[in-house]
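Working notes, structure below.
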Amino acid sequence: MTRLTALKTLVQRFSFLLLVLASIALMMLGKIDPSLVEDARSHVTDAFVPILDAISRPAATAARMVETVVEISEIHRENSELRLENARLLQWKQVALRLEAENNSLRSLLHYKPDPSAAFISARLIAAPGGPFLRDVLVTAGRRDGVRRGQAAVAGAGMIGRVVEVGEWTARVLLITDINARVPVVVDNNTRQRAVLAGDNSDEPRLLYLPPEASVAVGDRVVTSGDGGLFPVGLPIGVVAAVGDRVIKVKPMVDLGKLEHVELVDFGLPGGLVGETGLAGVR
């Protein structure tokens, strides 16, 4: 053991000198027989290639993972920007569609008086107390915020219902799918056929009082008609989802099962509440 330790100490002490001598020997050997040095170099390279390849694989994998994380982060940022852009474009689209419907209904009219400016009150949903037999929701805005009965409730792309009860801090909104809901509407196609949207406690309300010869197709937009004076003309509600012999179903513009926030809108129309069962009301 002592001899081995002494040998290691000697090698460590003269290692630099040994490396210099080895380098000089390789240089002289390369001058004497270059092919021998090249063969030795190629063998050494071949021997270390698998080791270098094994070392490089984790590094390449880590680099790809880092690149993937950066790409995912960039995609997430772009997706957020596109969502905001889409929401803004959707709002402008609804404004354009409403103006188009309004222009179509006013082409033959003179001395038109425009609707007053709408007032918006944003609120958050806190409960849906009605259960399966009453489609309504409670929102965090009430009389102190300027909410009053009869105001339309909208979310995203279209109308979802109407305020039917108002407290000091909260209000109850009856959805268009409730069995008591009735909304005067127009099928927004070439015929401009008037009807009444009636809820039946399902996810898709029905169109009532259409004449037998009415031309309605799947995909036709359904908007408010303005009859009764509670809602303006052209407020989007849904699209025709199914046309049967006796039943025409309408799919709401908004997924009512995923509501989180709504806007209660006062359009300033003089019609107001006609009655609990009148067509101007939603209940």
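Table for the structure above
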read-out	value
Efficiency of FRET between residue 92 and residue 120 - r from beta-carbon atoms, R0 22 angstrom, step 0.05	0.90
Long-range amide H partners of residue 134 with built H, under 5 Å	none
Phi-based couplings in Hz for region 234-240 (Karplus 6.51, -1.76, 1.60; Gly and Pro marked x)	x, 6, x, 10, x, 10, 5
Gyration tensor verdict on region 195-266 (Cα atoms; rounded if a/c is under 1.5, prolate if a/b is larger than b/c, oblate otherwise)	oblate
Neighbour-count ranking [beta-carbon atoms within 10 angstrom, fewest first] of 120, 231	120, 231
Charge tally in the Cβ shell below 15 Å around residue 85, where Lys, Arg are +1 and Asp, Glu are -1, residue 85 excluded	+2
Cα gyration tensor shape of region 119-266, rounded if a/c is under 1.5, else prolate or oblate by comparing a/b with b/c	prolate
Fewest-first ranking of 251, 258, using other Cβ atoms within 10 Å as the exposure measure	258, 251
Proxy reagent accessibility, fewest Cβ within 10 Å first, across 222, 147	147, 222
Under the Karplus curve 6.51 cos²θ - 1.76 cosθ + 1.60, θ = phi - 60°, whole-Hz ³J(HN,Hα) for region 79-85, x wherever Gly or Pro sits	5, 4, 5, 5, 5, 4, 4
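Read-outs: derived from the displayed coordinates by stated rules, not from any lab. For clarity, every value in this text was computed on a predicted model and none was experimentally measured. In this analysis, Cβ positions are derived from the backbone assuming ideal geometry, glycine residues included, and neighbour counts consider all displayed protein chains.
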